[in-house]
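Here the structure comes first, spelled out in structure tokens, and everything after it is commentary.
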Amino acid sequence: MPAFLLHIQIRPGCEARALETLGAIEESAHRDRGCVAFTWLRERDDPLRFTLFEHWRTQADLEAHLQGSPERWQSFTPCLAAEPRSVPVIPVRQLGAPLGQEEVERFAGDWFERLNRHADLAEMLPLIADDGLEMVFPERTLRSRADFADWYAAVGRAYRDQDHVLKRVQVTPGTAGTDVDVAVTWRAVATGDGSRIAANAEQSWTLVRSQATGEPAIRTYRVRTFQPIG
């Protein structure tokens with residue numbers, strides 16, 4: 001759930017236009033999908049300084065908002081006295097909130113989507129915990145981010161055209177995090193001989209909320225069953 005503070009300073013003489021334009025942008029943003037909060041604030045002691053607090057359900061919602069109607073903001077930029085300064089933030093209540101079914105389903109979909117396109121390692125690491133990690137695959141057990149990086153590189157060399165199709169995501173509150181039961185169908189092409197591979201897998205995850213990002217992160221990941229298809 002991305003959240004930001006955006007600080008801007010406007011030029012003298014643009015005060016009225018700022019109130020009109022920023023108010024209209026705020027009203028429009030509240031109609032956008034996934035908008036949790038979007039509020040422009042003006043400093044009481046300096047009418048040339050404004051701060052936006054925005055909070056979105058997903059990164060995709062934020063990106064859709066940014067691509068939606070940029071004309072109003074672009075026409076306002078001549079009023080800016082300096083480059084805007086964006087600061088990522090995490091709402092405190094998010095850090096302590098339990099992980100629910102909807103958030104876990106989004107996380108699982110994002111995890112497998114990144115595996116499908118073999119995303120850069122920098123995109124994968126925030127999705128796994130940096131302490132207490134244990135990931136048990138048929139071929140290897142991983143206990144650190146360094147282990148994951150090595151395993152992930154090997155998978156990238158061994159397979160291409162990977163496709164993971166989620167069949168089940170069931171969430172249960174656990175004592176050490178949120179327990180998740182996952183069923184997925186995996187298909188890929190072996191880079192060595194070009195053969196096609198497919199299997200049904202059942203997995204058990206434990207997710208925690210990362211205090212660094214406020215988002216879910218995998219602490220334990222066990223492949224319980226791995227049944228080849230065909």
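Of the helices (runs of 4 or more DSSP H) lying entirely inside segment 38-156, those containing at least 3 residues that are without any contact (Cβ under 8 Å) to a residue 24 or more places away in the chain and more than 30 Å from Arg11 (Cβ to Cβ) span 101-116. Checking each residue of segment 48-64 against the condition of being in contact with a helix residue (DSSP H, G or I) (Cβ under 8 Å, 6 or more places away or on another chain), farther than 27 Å from Glu103 by Cβ and not acidic (Asp, Glu) gives at least one match.
Quick grid of which residues meet (1) over 30 Å from Pro126 (Cβ atoms); (2) in the same structural domain as Gln74 (by TED's automatic domain parsing); (3) modelled with pLDDT of 95 or more; (4) among the hydroxyl-bearing types (Ser, Thr, Tyr):
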{"position": "Ile10", "(1), (2), (3), (4)": "yes, yes, yes, no"}
{"position": "Gly13", "(1), (2), (3), (4)": "yes, yes, yes, no"}
{"position": "Glu27", "(1), (2), (3), (4)": "yes, yes, no, no"}
{"position": "Gly34", "(1), (2), (3), (4)": "no, yes, no, no"}
{"position": "Thr39", "(1), (2), (3), (4)": "no, yes, yes, yes"}
{"position": "Leu48", "(1), (2), (3), (4)": "yes, yes, yes, no"}
{"position": "Leu52", "(1), (2), (3), (4)": "no, yes, yes, no"}
{"position": "Trp56", "(1), (2), (3), (4)": "no, yes, no, no"}
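When segment 15-25 is filtered for residues that are surrounded by 15 or more Cβ atoms within 10 Å (Cβ to Cβ) and of a type outside the set (Lys, Arg), the ones remaining, listed by number, are Ala18, Thr21, Leu22, Ile25. Taking the criterion of being in the same structural domain as Asp179 (by TED's automatic domain parsing), at positive phi and part of a loop (DSSP other than H, G, I, E, B), would at least one residue in segment 196-213 satisfy it? No, segment 196-213 contains no residue that is in the same structural domain as Asp179 (by TED's automatic domain parsing), at positive phi and part of a loop (DSSP other than H, G, I, E, B). Scanning segment 77-105 for residues that are under 15 Å from the mean Cα position of the chain (by Cα), among the charged types (D, E, K, R) and loosely packed, with under 13 Cβ neighbours inside 10 Å yields one hit, Glu102. Restricting attention to segment 167-175, does a residue exist that is in contact with an Asp or Glu (Cβ under 7 Å, 6 or more places away or on another chain), within 21 Å of Pro228 (Cβ to Cβ) and not assigned by TED's automatic domain parsing to the domain that holds His55? Scanning segment 167-175, I find at least one residue that is in contact with an Asp or Glu (Cβ under 7 Å, 6 or more places away or on another chain), within 21 Å of Pro228 (Cβ to Cβ) and not assigned by TED's automatic domain parsing to the domain that holds His55, so the answer is yes. Every residue in segment 188-225 that is in contact (Cβ under 8 Å) with a residue 40 or more places away in the chain, over 19 Å from the mean Cα position of the chain (by Cα) and closer than 15 Å to Leu115 by Cβ, please. Residue satisfying the conditions is Val223 alone. The residue of segment 2-14 that is surrounded by the fewest Cβ atoms within 10 Å (Cβ to Cβ), among those that are over 27 Å from Gln94 (Cβ atoms) and in contact (Cβ under 8 Å) with a residue 12 or more places away in the chain, is Pro12. Suppose the filter is of a type outside the set (Ser, Thr, Tyr) and either touching a His at 6+ places or on another chain (Cβ under 9 Å) or modelled with pLDDT of 95 or more (or both); does Val87 pass it? So Val87 passes the test. Take Thr175 and tell me if it is more than 15 Å from Ala129 (Cα to Cα) and not in a strand (DSSP E or B). So Thr175 fits the description; yes.
The values are calculated or read from the model by the stated rules, or taken from the named source; none is laboratory data. Treat the numbers as computed from the prediction; the structure is a model and nothing was measured. Here the Cβ is made from the backbone with ideal geometry for all residues, glycine too, and neighbour counts use every protein chain on show.
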